[in-house]
Amino acid sequence: MLCVPLLLLVSCSDQQKTEANATAEPQAVRVSVMTVQPEAVTVYDELPGRVSAVRTAEIRPQVNGIIQKKLFVEGSTVEAGAALFQIDPAPFSAEADAAAAVLARVEAELANAKVKYQRSELLSAQKVTSAEAFNNATAALAQAKASVAEAKANLARRKLELANATVRSPISGIIGQSFMSEGSLASSSATSPLAVVQQIDQVYVDVRQSSISLEQLQETAPAAGTGDPQELPVSIKTITGKPYGHAGKILFSDISVDNATGSLGIRILVPNPEGQLLPGMFIRAMVPREVYNAALMVPQEAVTRDASGRPELVVIAADKTGEKRAVELGPLVGGKYLVKNGLRAGETIVVLGQDRVQSGQPLETSPANIVSQKSN
């Protein structure tokens, strides 16, 4: 008979504990948070590009002849004006000497014509000689002067041919393989050059970017206080994907958009003092697409999705509770999303622990440890 009152007493005690727990305040949930502040952000398009030399000179002979000497080491650096090949100069030297002799002869004829002209002029003034004789002396003098001018031009041409027998580099740069050796016949009409010199202390990188990206850059750059979007630096990644030590500069963009791809060509000038970038090499260029001077960036892990797949953030309210808020996201930059709408500067968001946040539930917050990443 004592068992029934004892069971009733235990049952009453359990019911009181349950009611007490129900009336107690909900337990605070620990989450990691961060306060969003505006920052300057540049969004890039990572585009494949090909390297080309800033200047390329094909070494071609201007005269015909047998190559006597090759005056350079393949793969070496040559200066502008450096002698590269020596064509046999003997035929050109002989022609120059012959032209000099012709010039001496016609100069002597000119001197004789001047004497005859002066005598004829004196006799004509005294009316001793006929007008026809004076005219003949005048014509002979003019013809002698023309012969001298022709001989001087011919001698200058022969001297130029003699000078061109030494083939020189028109630019400074690195010279590659020699396509002809000693004893070969050099011809000014040949289709193949003797060698090629390329200047690569600076190089061009040619890429193609979507015309939409160019329009986005032109729209966002003025609002960000950027004057000329083409003045923005272009980061380069080498063929192995490593960052290159020098930033490039956009020289120009094509004015015609490709009908098939909707892209346009962009040429970038990149310093190359160490010669790391070689002509023909494929690299990747980080070309600016959008520029913001006060962008709101949130870590990628802070973004959740609702049942429809729309992005949301958990924003800390003034009473230390969390509320889910739909936002509009922009591009992902360096592991952070750019928030275009739905968030204000100075608001605090939950970075870790969103799945434990319930409506109206108090939160115990701690600063999130955000590891910054490089922009991609």
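The values are calculated or read from the model by the stated rules, or taken from the named source; none is laboratory data. Quick caveat: nothing in here was measured; it's all calculated off a predicted structure. Counting neighbours? That spans all protein chains shown, and the Cβs are built from the backbone with ideal geometry, glycine included.
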Expected output for the range 124-137 (first residue without any contact (Cβ under 8 Å) to a residue 12 or more places away in the chain, partner assigned to a loop (DSSP other than H, G, I, E, B) and of a type in the set (A, V, I, L, M, F, W, C), Cβ below 6 Å, 6+ apart or cross-chain) is none
Within the range 173-182, can one find any residue that is of a type in the set (Asp, Glu), more than 30 Å from Val78 (Cβ to Cβ) and surrounded by fewer than 16 Cβ atoms within 10 Å (Cβ to Cβ)? no
If a residue must be crowded, with 19+ Cβ neighbours inside 10 Å and over 14 Å from Pro89 (Cα atoms), how many such residues does the range 56-69 contain? 2
Residue in the range 253-274 that is surrounded by the most Cβ atoms within 10 Å (Cβ to Cβ), counting only those that are over 23 Å from Pro331 (Cα atoms), out of contact with any strand residue (DSSP E or B) (no Cβ under 6 Å at 6 or more places or on another chain) and at pLDDT below 90: Asp258
Single residue of the range 316-333 satisfying the filter (modelled with pLDDT of 90 or more and surrounded by 16 or more Cβ atoms within 10 Å (Cβ to Cβ)) that is farthest from Val41 (Cα to Cα): Val327
Testing Ala302 on (1) buried (at least 20 other Cβ atoms within 10 Å of the Cβ); (2) over 30 Å from Gly346 (Cα atoms); (3) of a type outside the set (Phe, Trp, Tyr); (4) touching a residue at least 60 places away in the same chain (Cβ under 8 Å), one condition comes back false. Which one is that? (2)
Residues that are at negative phi and either at pLDDT 95 or above or not assigned by TED's automatic domain parsing to the domain that holds Val339 (or both): list the strands (runs of 3 or more DSSP E) wholly contained in the range 21-101 that include at least 2 such residues. 38-59, 65-70, 83-87
Scope the range 84-111; condition hydrophobic (A, V, I, L, M, F, W, C) and surrounded by 14 or more Cβ atoms within 10 Å (Cβ to Cβ); matching residues: Leu84, Phe85, Ile87, Phe92, Ala96, Ala99, Ala100, Val102, Leu103, Val106, Leu110
Looking at Lys114, Lys127, which is the one that is surrounded by fewer than 17 Cβ atoms within 10 Å (Cβ to Cβ) and either out of contact with any Leu (no Cβ under 8 Å at 6 or more places or on another chain) or polar (S, T, N, Q) (or both)? Lys127
Going through the range 267-295 one residue at a time, which ones are under 16 Å from Val234 (Cβ atoms) and either in contact with a helix residue (DSSP H, G or I) (Cβ under 8 Å, 6 or more places away or on another chain) or not assigned by TED's automatic domain parsing to the domain that holds Arg208 (or both)? Val287, Pro288, Arg289, Glu290, Val291
The range 292-311, residues that are of a type outside the set (Val, Ile, Thr) and assigned to a strand (DSSP E or B): Tyr292, Asn293, Ala294, Ala295, Leu296, Met297, Pro299, Arg305, Pro311
Output the residues belonging to the range 334-346 that are in contact (Cβ under 8 Å) with a residue 40 or more places away in the chain, of a type outside the set (A, V, I, L, M) and buried (at least 16 other Cβ atoms within 10 Å of the Cβ). Tyr337
